[in-house]
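Engineer: This is the structure I want to talk about, given as structure tokens.
Bear in mind that the values in this text are calculations on the coordinates, not laboratory data. Please read these numbers as outputs of a predicted model, since none were measured by experiment. As a convention, Cβ positions derive from the backbone with ideal geometry for all residues, glycine included, and neighbour counts pool all protein chains shown.
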Amino acid sequence: MKRKFYLIIVVFSITTFKLSAQTQPCNCLEEFKWMKQVMETSDAGFQVAIEKKGRPLYAALNKQVLAQLQTVKNKEACLKILTDWAHFFRSGHIGVVLNYPDTANAVTPNEIRAKFAKHPTFQLPKNALPSTENDAICGSYIQEDFEIEIAKAYENNDYIRYVAVTKKADSMYWMPGQIKFYLEYVKNTGQLNALYFNKLHKERYTGAQWVDKKTGVLEVANNYWFKKQANIDSDLKRREERDLLQKSSPYFKALSNATNYLRIPSFSYSEKKKIETVIQNNSDSLRARPNLIIDLRNNGGGTDESFKMLLRYISTNPILTVGMEFLSSENGIKIWQAIIDKNERDSASINEYKHIVKTFKDHKGMFVDLDSVYQSSDTINILENNIKNVVILINHNNISSAEEFLLAAKQSKKVKLMGVTTGGALDVSNVDGTNSPSNIFTFVFAMSKSYRIGKFPIDEIGLQPDIFMNDQINPLEWIERAKNYLEYNKNFNN
């Protein structure tokens with residue numbers, strides 16, 4: 001059966017928020033032409049999407065975007081249109097970011113603070129509209145040491161707009177009063193949309209949703225925010241699970257004499273040493289207890305190097321890995337060369353990257369297999385341990401290298417996945433960004449594609465859990481359920 005794809009572009013009304021400190025005119029038509037050229041020449045998944053959806057639909061999309069751009073006056077409106085255009089190709093491993101003024105030379109706390117001093121602010125409660133009894137979004141939320149207040153800022157017959165204002169933060173990158181994100185609730189669909197500012201105050205449009213409205217777990221930009229409310233603060237078990245789930249760095253804890261818990265929020269290269277340090281510092285305990293819970297929820301990936309040590313504890317056999325091929329492009333060469341020039345990796349990695357650059361230069365515009373391997377069987381140097389059963393907690397925010405880890409881990413006879421289907425962004429991968437000529441935007445694209453495509457696809461599908469956790473199960477109960485499953489299920493590996 002041939003699938004049909006329909007072109008839908010939704011204009012996100014949140015673009016009319018007044019961001020006075022950053023809203024400046026931009027030539028969005030030229031930005032679009034640049035991004036289109038990068039996509040068509042540098043993204044490894046471009047042709048995959050065109051073959052799937054067809055040239056006529058792509059042409060119709062471009063025509064519609066060009067018409068929309070005729071009325072665009074500011075960067076935020078341009079950002080939304082460019083984001084929608086990018087997501088025509090796929091939902092993950094692609095995106096557009098609105099850059100904040102350069103902070104590269106800011107080193108000391110005072111310099112960093114000064115760089116972000118002009119970020120938009122909102123006074124509470126002076127500028128906020130009164131919330132109603134049913135307005136559950138309003139209130140104070142925490143995420144580890146970060147606290148925000150969400151207040152209603154505007155309402156009409158179609159939507160309600162909310163603003164999330166920083167109450168407590170690091171007082172360096174973020175100061176009280178600065179806006180962390182905007183939310184828009186669309187009344188006729190119940191959909192939540194967000195305009196989110198990351199640590200460096202770069203803007204992107206993203207999704208938002210209630211993970212559990214009853215206990216105040218709100219997800220924005222793939223991160224959980226926990227509402228401060230009495231029914232959680234007085235519940236010791238849920239409060240403990242909340243504290244574990246909001247950890248932003250690798251964390252280990254012995255839950256009982258039989259079960260260990262390991263939280264890994266990210267596989268980013270910057271987290272590699274942290275992950276390895278936590279594992280090494282708790283190696284004796286890890287190896288001694290029979291049960292292990294690995295909490296991977298909201299881990300959006302990073303690099304495969306970050307999970308290699310962990311595989312030594314949970315693997316039972318060699319791991320089969322499917323290969324990939326890279327698209328050689330000018331943008332790809334610049335990205336690899338920039339990594340070399342930073343000289344932040346070990347000498348073996350730098351030499352490998354130099355080989356990649358040379359190969360790309362010799363095969364411009366072509367796909368190249370850097371390993372010349374369609375499928376490999378990798379032997380793991382397994383550490384002797386007493387771990388018998390491993391549950392990995394997963395959710396829809398697990399993509400990229402997190403899914404690569406899951407593909408490897410689930411080949412172990414010890415491992416079961418528990419949670420919900422992952423995000424499905426792995427087949428087209430090795431992402432990085434390139435700045436537009438104006439430096440207003442960064443376009444994030446993918447440089448490789450897997451040989452799984454067309455045979456065992458992960459993109460837009462994800463990985464299924466062995467044990468499904470339905471929407472009625474509070475996320476602050478997952479760890480306890482996993483622990484009970486491990487300690488009372490005698491037929492774990494059957």
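Engineer: Hey, of [x] 3, 13, 14, 13, 14, 13, 11, 10, 7, 3, 0; [y] 4, 17, 28, 28, 19, 5, 0; [z] 4, 19, 30, 29, 15, 4, 0, which did the structure itself give for P(r) over Cα pairs in 10 Å bins from 0, in percent when calculated?
Structural biologist: Computed from the coordinates, P(r) over Cα pairs in 10 Å bins from 0, in percent corresponds to [y].
Engineer: Which trypsin sites (Lys or Arg not before Pro) from region 187-221 combine a DSSP loop assignment with at most 12 other Cβ atoms within 10 Å?
Structural biologist: Lys187, Lys199, Lys213, Lys214
Engineer: Can I ask one more? Ignoring everything except DSSP H segments at least 4 long, calculate the 222 nm mean residue ellipticity for the chain; use -39,500 (n - 2.57) per segment, divide by total residues, nearest 500.
Structural biologist: -8500 deg cm²/dmol
Engineer: Give the cysteines in the chain for which no other Cys Cβ lies under 4.7 Å away, or write none if there are none.
Structural biologist: Cys26, Cys138
Engineer: Sorting Phe88, Phe456, Phe226 on the 10 Å Cβ count, fewest up front, what's the list?
Structural biologist: Phe456, Phe88, Phe226
Engineer: Then there's this: Starting from the amide H of Glu155, placed 1.01 Å from N in the peptide plane, find each other amide H under 5 Å away whose residue is 5 or more places distant or on another chain.
Structural biologist: Arg161
Engineer: Can I ask one more? Using 0.36 nm per residue, how much length does the chain from Ala254 to Tyr154 gain when fully extended, once their Cα-Cα distance is taken away?
Structural biologist: 31.3 nm
Engineer: May I pose another question? What order do you get for Leu320, Leu236 when you list them from fewest to most C-beta neighbours inside 10 Å? Could you put the intermediate results ahead of the total?
Structural biologist: Numbers: Leu320 12, Leu236 8.
Going from sparsest to densest Cβ surroundings: Leu236, Leu320.
Engineer: List every residue whose amide H lies under 5 Å from the amide H of Asn398, counting only residues 5 or more places away in sequence or on a different chain, with H placed 1.01 Å from N in the peptide plane.
Structural biologist: For Asn398, whose amide H was placed from the backbone, the distant partners under 5 Å are Asn298, Gly423.
Engineer: Compute the signed sum of charges (Lys and Arg +1, Asp and Glu -1) over the other residues within less than 10 Å, Cβ to Cβ, of Phe445. Mind dumping the intermediate values first?
Structural biologist: Working: positive: none; negative: Asp43, Asp432.
Overall, the nearby charge balance is -2.
Engineer: If you don't mind, another one. Report the label-to-label distance for Val444 and Leu383 in nanometres (one decimal), using points 7 Å from each Cα along the Cα→Cβ vector.
Structural biologist: Here the modelled spin labels are 3.1 nm apart.
Engineer: Now for a different question. Calculated FRET efficiency, Asn484 and Gln375, Cβ-Cβ r, R0 45 Å, to nearest 0.05?
Structural biologist: Working from the Cβ atoms, E equals 0.75.
Engineer: 5 Å is the cut-off here: which amide hydrogens, built 1.01 Å from N in the peptide plane, fall below it relative to Ser268, excluding neighbours closer than 5 in sequence?
Structural biologist: For Ser268, whose amide H was placed from the backbone, the distant partners under 5 Å are Thr303.
Engineer: His363 to Lys273: extension gain in nm, 0.36 nm per residue of separation minus the Cα-Cα distance?
Structural biologist: Working: separation 90, 0.36 × 90 = 32.40 nm, distance 3.47 nm.
Roughly 28.9 nm would be gained on extension.
Engineer: If you don't mind, another one. Given a Förster radius of 41 Å and the C-beta distance between Asp284 and Arg345 as r, what FRET efficiency does 1/(1 + (r/R0)^6) yield to the nearest 0.05?
Structural biologist: The calculated FRET efficiency here is 0.85.
Engineer: Tell me, what ³J(HN,Hα) does each residue in region 206-217 have, in order and in whole Hz, if you take phi through Karplus 6.51 cos²θ - 1.76 cosθ + 1.60 with θ = phi - 60° and put x for Gly and Pro?
Structural biologist: Those phi angles translate into 8, x, 8, 6, 6, 7, 8, 5, 4, 9, x, 9 Hz.
Engineer: Using the Karplus equation 6.51 cos²θ - 1.76 cosθ + 1.60 (θ = phi - 60°), what ³J(HN,Hα) coupling, rounded to whole Hz, does each residue of region 305-314 give in order, writing x for Gly and Pro?
Structural biologist: Residue by residue, region 305-314 yields 4, 6, 10, 4, 5, 5, 4, 5, 8, 10 Hz.
Engineer: What is the fewest-to-most order of Arg345, Arg263 by other Cβ atoms lying within 10 Å of their Cβ?
Structural biologist: Arg345, Arg263
Engineer: Students often forget the sequence filter, so: which lysines lie under 19 Å Cα-Cα from Lys187 once same-chain residues fewer than 8 apart are removed?
Structural biologist: Reachable lysines: Lys152, Lys213.
Engineer: Still on this structure, I have one more. Measuring from label point to label point, each 7 Å out along Cα→Cβ, what is the Gln472 to His355 span in nm?
Structural biologist: Rounded to a tenth, the inter-label distance reads 5.4 nm.
Engineer: How far is it, in nm, from the label point at Trp210 to the one at Ala59 when both lie 7 Å from their Cα along the line to the Cβ?
Structural biologist: According to this spin-label approximation, the distance is 4.6 nm.
Engineer: Something else about it: Tell me, what ³J(HN,Hα) does each residue in region 148-162 have, in order and in whole Hz, if you take phi through Karplus 6.51 cos²θ - 1.76 cosθ + 1.60 with θ = phi - 60° and put x for Gly and Pro?
Structural biologist: Calculated HN-Hα couplings, in order: 10, 10, 9, 10, 6, 10, 6, 8, 9, 6, 9, 7, 10, 10, 10 Hz.
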